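Engineer: Below you will find the structure I want to go over with you.
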Amino acid sequence: MAMFYACGDNPLPCPAAATVKVTFSILDEMASTRRTNVGPEDERMAGHWVLLLYRDGKLADYGVSTSGDITREMETGDYTACAVVNAPEDAFRPESAGTLTQWESTLSDLADNALPGLVMAGRRNLRIPEGTESGAQAIPVARLVFKSGVRKISVRMEDPSLAARPFVLKAVYLTNCPRKTRLGQDLSVADLSGESLWANRMGIQPDPPGNGLLADTGIDAAVTATSPHTVPHFFYGYPNPVGADGDSRSRGAWSPRCTRLVIEAAVGGKTYYYPVTLPATARNRTYIAEEAVIRGLGSLDPEEEVPGAVEAVFSASVQEWAPEYAIHEQS
């Protein structure tokens with residue numbers, strides 16, 4: 001479509017700057033929904049997505065796709081291209097993200113995530129070159145959630161009297177998880193001061209996000225010294241900036257505190273908790289215990305750790321959640 005601009009005091013229109021047809025597209029990898037034994041296809045599936053193009057910090061163009069390609073006729077020059085994948089389709093409209101600063105500060109809700117279909121976002125600076133008739137650009141995106149969990153739970157009670165008691169795994173879950181994060185960067189501790197911004201505060205609650213990202217309950221699996229629990233349990237939370245040096249276990253009043261991976265079990269018919277405190281978490285990172293070994297009675301409170309009751313063996317405390325998923329041109 002021809003475009004014309006007024007040229008100073010010249011009453012006649014002048015031609016617009018040179019334009020380039022650029023195609024942005026996304027690879028849609030469909031997968032079935034599940035929480036345990038989650039495969040990489042569930043975690044990287046990309047469905048609908050939003051493209052926002054900024055020039056000089058202001059929104060210059062915008063597109064939504066539910067099936068792949070987004071093609072735009074763009075003037076040559078410098079842009080910041082932003083992408084949001086799997087978020088609610090009405091969450092990122094031009095009126096709410098008219099500037100790059102607004103896009104960066106836009107809040108995403110943990111409940112917007114699902115499997116398959118974790119929310120992803122990314123940005124890159126690009127230059128549309130002069131003299132090019134068409135082109136394709138890739139925008140790398142990363143998940144806003146972190147991934148945590150345990151692959152194997154073993155019981156090796158050191159006290160023979162405890163070893164004789166039945167051990168029944170009841171649930172595994174994350175506690176103290178933020179409900180919100182920004183597209184541009186993780187929230188700070190000060191940003192998360194409000195109690196309503198947290199799910200599973202100090203224990204499992206009836207109001208966590210309803211898609212099951214934070215908990216596996218109703219497991220009821222007998223675990224013995226010769227028969228470990230080998231079903232992996234993985235969870236997905238928004239980043240928590242609270243580290244061990246800023247953690248609080250007070251039940252008198254809520255305050256931001258560390259996220260914990262909690263194993264809940266009945267030992268001899270009585271409920272005990274085995275919490276493992278995570279470090280400050282960041283988006284698109286993994287915090288996976290290869291094995292959690294139960295060696296004694298846990299606590300009566302999911303916020304309290306009993307020294308020596310559980311040994312969590314992490315292959316690495318923090319890993320980049322590779323491979324990075326990229327929105328890219330399809331030929």
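Laboratory data are not the source of any read-out in this text; all were calculated from the coordinates shown. Keep in mind that what you see is a predicted model, and the values were worked out from it rather than measured. Quick reminder, even Gly has a Cβ in these numbers, built from the backbone with ideal geometry, and neighbours come from all protein chains shown.
Engineer: More than 24 angstrom separation, counting every C-alpha pair in the range 146-320; what % is that?
Structural biologist: 33
Engineer: Which residues' amide hydrogens lie under 5 Å from the amide hydrogen of residue 20, considering only partners 5 or more residues apart or on another chain, with H built in the peptide plane?
Structural biologist: 74, 75, 76
Engineer: Can you grab the distance from the C-alpha centre of the range 148-164 to the C-alpha centre of the range 237-275, Å, no decimals?
Structural biologist: If we compute the Cα centre of each part, the gap is 19 Å.
Engineer: Sticking with this one: Taking amide H atoms as placed 1.01 Å from N in the peptide plane, list the residues 5 or more away in sequence, or in a different chain, whose amide H sits under 5 Å from that of residue 312.
Structural biologist: Residues meeting the amide H criterion: 293.
Engineer: Checking the table 147/270; 147/180; 147/170; 152/180 against a 26 Å threshold on Cα-Cα, which pairs fail? Can you show the working numbers first?
Structural biologist: On the way: 147/270 30 Å; 147/180 15 Å; 147/170 21 Å; 152/180 30 Å.
Flagged as over cut-off: 147/270; 152/180.
Engineer: So how do 288, 70, 263 line up by other beta-carbon neighbours within 10 Å, fewest first?
Structural biologist: Ranked by crowding around the Cβ, least crowded first: 288, 70, 263.
Engineer: Sort 170, 58 by Cβ crowding within 10 Å, fewest neighbours at the top.
Structural biologist: Ascending number of Cβ neighbours within 10 Å: 58, 170.
Engineer: Oh, and also: Multiply the residue gap between residue 104 and residue 73 by 0.36 nm, knock off their C-alpha separation, and tell me the result in nm, one decimal place.
Structural biologist: 8.7 nm
Engineer: Taking other Cβ within 10 Å of each residue's Cβ, how do 75, 303, 195 sort, fewest first?
Structural biologist: Ascending number of Cβ neighbours within 10 Å: 195, 75, 303.
Engineer: Next question. What is the packing order of peptides 96-104, 175-183, 253-261, 221-229, taking the mean over residues of other C-beta atoms within 10 Å and listing the highest first? Please list the in-between numbers first.
Structural biologist: On the way: 96-104: 17.0, 175-183: 23.3, 253-261: 20.1, 221-229: 14.3.
Per-residue Cβ counts within 10 Å, averaged per peptide and sorted highest first, yield 175-183, 253-261, 96-104, 221-229.
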